[in-house]
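J.: Dropping a structure here in structure tokens format, bear with me for questions.
The values are calculated or read from the model by the stated rules, or taken from the named source; none is laboratory data. Model, not experiment: these values are computed from the prediction. Using ideal geometry, Cβ is built from the backbone for each residue, glycine included, and neighbour counts are taken over all protein chains shown.
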Amino acid sequence: MKYFNLFILNFVFLITLLSCIKIEESTIKKNNLSEKISESIIDEPIDLFIKNIIIYPSQFDKNSIYIDVEISSINGGSGEVQIALLNDKKLVASNPIKVFSNRQNYFQSFLIDGEVDYKKNFEIGISALNGETNISNNKHIFKSSLKIERPKIAILSGKLNFNTPHILNNLNADFDHFYPSPIDGSFDVTDFWFTNYDIILLDNFPQKPVSDKWLKLFLKKIISEKSSLVMNSRSDQDIEVLKDFFPIFDIKYNEGMDLNNFNEFSRNQNGTFKSSFIVINDIFNISKNYISELNEIIDWILLDNDIQYSFYIANKDNKLSEPIFVYGYSNFIDSEIKNLQAEILIKEEVVKTIKLLYNPKSGYYFSQFEPYILGSYVVNILENKKLIDTINVNIYD
């Protein structure tokens, strides 16, 4: 019995010793694994960076543009960060983004419709993730060749009236307003003659017949500056005052003409010159419909006759190891989706042809190609084998 108890004690001790050895081995393995993981993290640190920036117009609002940002996260970073868009170091827009350890690509879109200075730099900045050491690629400074272009309009009012403020307050344009002085009736239009305008709007102007010399100078200004003309008149305005302007709108003057018989919103086009003769009373009573019609006429005047495409490279940096993202858009909304292709050339030799896809939400065409050697690439954009745009890409490793 004595020896049996001793045997049991030795057996228990042996089991305990073996367990301790296994625990120690397990601990060593875990520590080694932890060290390997730590070494791996040190070798490949968490990194959040800006990959692509895409700038394109809003096809549904000509006074705004989009700036889209593609962001990449590698090596398992997670947490919430802030992305901010600045212009001339002033905050334009910002938004939080949640970063997940199992997700790599993120996208943020900014709609720009306020006052920004396109001569100054834009900057995209992202706050750092916990554990991120390389923050040099969390910021990108760039300029935009795409601008919010508002038409420049000169408004000449023969006299201030109830209609005038509704025109001024609702025109979607940059304008200069010229009108007689309420005190002495003087009408200084000196700046008008020395400024280029996309459109000249005559608001119940003139109130009395203009001289032949004045009209010749006016026509010379329109022709040389390729300005369009809109004349806004009331039906009770003296037709004898207006008749010298009728040929501009392709209107033939006849004795006894009555402005009440005119089409309210006429449109006339002679080559590239566009004009509109408007006859309407009491805009302030029907201002909503009138202003809508007036802005439609201005949009029609500004609309290009021929559709044109502009293409760009979206990549912030062009490297041999990364695909090159190509995108482009038309100068106005094209209801027909085009069959566009891009030929990739090196040293004037076509090395690849890619098809461009259409994004109905953003309104642009896009595709990508992988460069296979260092050097200069030419990308020719084609529609039915017709060249519509060319971009150049330099690939340096």
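J.: How many residues are within 24 Å of Glu80 (Cα to Cα) and within 22 Å of the chain's Cα centre (by Cα) when one looks only at the stretch 113-128? Give the steps one after another, and end with the answer.
T.: First, pick out the residues of the stretch 113-128 that are within 24 Å of Glu80 (Cα to Cα): 122-128.
Keeping just the survivors that are within 22 Å of the chain's Cα centre (by Cα) gives 122-126.
Of the residues in that region, 5 qualify.
J.: Another question, then. Going through the stretch 44-77 one residue at a time, which ones are surrounded by fewer than 16 Cβ atoms within 10 Å (Cβ to Cβ), outside any loop (DSSP other than H, G, I, E, B) and not small (Gly, Ala, Ser)?
T.: Ile74
J.: What is the residue count in the stretch 179-214 for residues that are at positive phi and touching a strand residue (DSSP E or B) at 6+ places or on another chain (Cβ under 7 Å)?
T.: Residues of the stretch 179-214 that are at positive phi, as a first pass: 185, 204.
Applying the additional criterion that residues be touching a strand residue (DSSP E or B) at 6+ places or on another chain (Cβ under 7 Å) yields 204.
Adding up the residues that qualify gives 1.
J.: Right, something else. Being loosely packed, with under 14 Cβ neighbours inside 10 Å and not polar (S, T, N, Q): is that true of Val350 here? Quick ask: steps written out before the conclusion?
T.: Numbers: loosely packed, with under 14 Cβ neighbours inside 10 Å: yes; not polar (S, T, N, Q): yes.
Here the answer is yes, as Val350 does meet what is asked.
J.: So which residues in the stretch 331-358 are under 25 Å from Trp300 (Cβ atoms) and among the hydrophobic types (A, V, I, L, M, F, W, C), if there are any at all?
T.: Within the stretch 331-358, the first condition is being under 25 Å from Trp300 (Cβ atoms), and the residues that meet it are 331-338.
Phe332, Ile333, Ile337, listed by residue number.
J.: Scanning for something within 20 Å of Leu229 (Cα to Cα), assigned to a strand (DSSP E or B), at pLDDT below 90 and of a type outside the set (Lys, Arg), does the stretch 187-199 turn up at least one residue?
T.: Checking the stretch 187-199: not a single residue is within 20 Å of Leu229 (Cα to Cα), assigned to a strand (DSSP E or B), at pLDDT below 90 and of a type outside the set (Lys, Arg).
J.: Is it the case, given these coordinates, that Asn75 is over 19 Å from the mean Cα position of the chain (by Cα) and at pLDDT 70 or above? Spell out how you get there, then give the answer.
T.: Details: over 19 Å from the mean Cα position of the chain (by Cα): yes; at pLDDT 70 or above: yes.
Here the answer is yes, as Asn75 does meet what is asked.
J.: Taking strands (runs of 3 or more DSSP E) that fall entirely within the stretch 212-297, which contain at least 3 residues that are touching a residue at least 40 places away in the same chain (Cβ under 8 Å) and either surrounded by fewer than 17 Cβ atoms within 10 Å (Cβ to Cβ) or of a type outside the set (Gly, Ala, Ser) (or both)?
T.: Values: elements: 228-233, 268-270, 273-279.
Here the list reads 228-233, 273-279.
J.: Of Asn281, Asn260, Asn295, which residue is in contact with a strand residue (DSSP E or B) (Cβ under 9 Å, 6 or more places away or on another chain), at pLDDT below 85 and within 30 Å of Ile222 (Cβ to Cβ)? Reasoning before the result, please.
T.: Details: Asn281 fails: in contact with a strand residue (DSSP E or B) (Cβ under 9 Å, 6 or more places away or on another chain); Asn295 fails: in contact with a strand residue (DSSP E or B) (Cβ under 9 Å, 6 or more places away or on another chain).
Step by step, each of Asn281, Asn260, Asn295 is checked, and only Asn260 is in contact with a strand residue (DSSP E or B) (Cβ under 9 Å, 6 or more places away or on another chain), at pLDDT below 85 and within 30 Å of Ile222 (Cβ to Cβ).
J.: Anything in the stretch 129-166 that is farther than 30 Å from Glu44 by Cα and more than 27 Å from the chain's Cα centre (by Cα)? List them, or say none.
T.: Start the filter on the stretch 129-166 by keeping residues that are farther than 30 Å from Glu44 by Cα, which leaves 143-166.
Answer for the stretch 129-166, where residues must be farther than 30 Å from Glu44 by Cα and more than 27 Å from the chain's Cα centre (by Cα): Ile155, Leu156, Ser157, Gly158, Lys159, Leu160, Asn161, Phe162, Asn163, Thr164, Pro165, His166.
The rows are residues; the columns are (1) within 30 Å of Phe366 (Cα to Cα); (2) at pLDDT 85 or above; (3) under 36 Å from the mean Cα position of the chain (by Cα); (4) of a type outside the set (S, T, N, Q).
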| position | (1), (2), (3), (4) |
| --- | --- |
| Ile248 | no, yes, yes, yes |
| Lys252 | no, yes, no, yes |
| Asn268 | no, yes, yes, no |
| Ser275 | no, yes, yes, no |
| Tyr309 | yes, yes, yes, yes |
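J.: Select from the stretch 166-211 the residues that are of a type outside the set (Phe, Trp, Tyr), without any contact (Cβ under 8 Å) to a residue 12 or more places away in the chain and surrounded by 12 or more Cβ atoms within 10 Å (Cβ to Cβ) and list them in ascending order. Write out each step before concluding.
T.: Initially, the stretch 166-211 is screened for residues of a type outside the set (Phe, Trp, Tyr), giving 166-174, 176-177, 180-186, 188-191, 195-196, 198-204, 206-211.
Those still in the list that are without any contact (Cβ under 8 Å) to a residue 12 or more places away in the chain too: 169, 181, 183-186, 188, 190, 211.
Hits for the stretch 166-211: nothing passes.
J.: Test each condition in (1) modelled with pLDDT under 50; (2) closer than 30 Å to Asn295 by Cβ for Leu85 and report the one that comes out false.
T.: That leaves (1) as the condition not met.
J.: Would you mind stating whether Asp61 is touching a Lys or Arg at 6+ places or on another chain (Cβ under 6 Å) and farther than 20 Å from Asn137 by Cβ?
T.: No; evaluated as a whole, the condition is false for this residue.
J.: I would also like to ask the following. State yes or no: is Leu345 touching a residue at least 40 places away in the same chain (Cβ under 8 Å), part of a strand (DSSP E or B) and either under 30 Å from Ser275 (Cβ atoms) or not assigned by TED's automatic domain parsing to the domain that holds Glu123 (or both)?
T.: Details: touching a residue at least 40 places away in the same chain (Cβ under 8 Å): no; part of a strand (DSSP E or B): yes; either under 30 Å from Ser275 (Cβ atoms) or not assigned by TED's automatic domain parsing to the domain that holds Glu123 (or both): yes.
No.
J.: Between Lys361, Lys352, which is among the basic types (Lys, Arg), more than 12 Å from Phe325 (Cα to Cα) and in a loop (DSSP other than H, G, I, E, B)? Before you say what the answer is, go through the steps one by one.
T.: Working: Lys352 fails: in a loop (DSSP other than H, G, I, E, B).
None of the others qualify; the one that does is Lys361.
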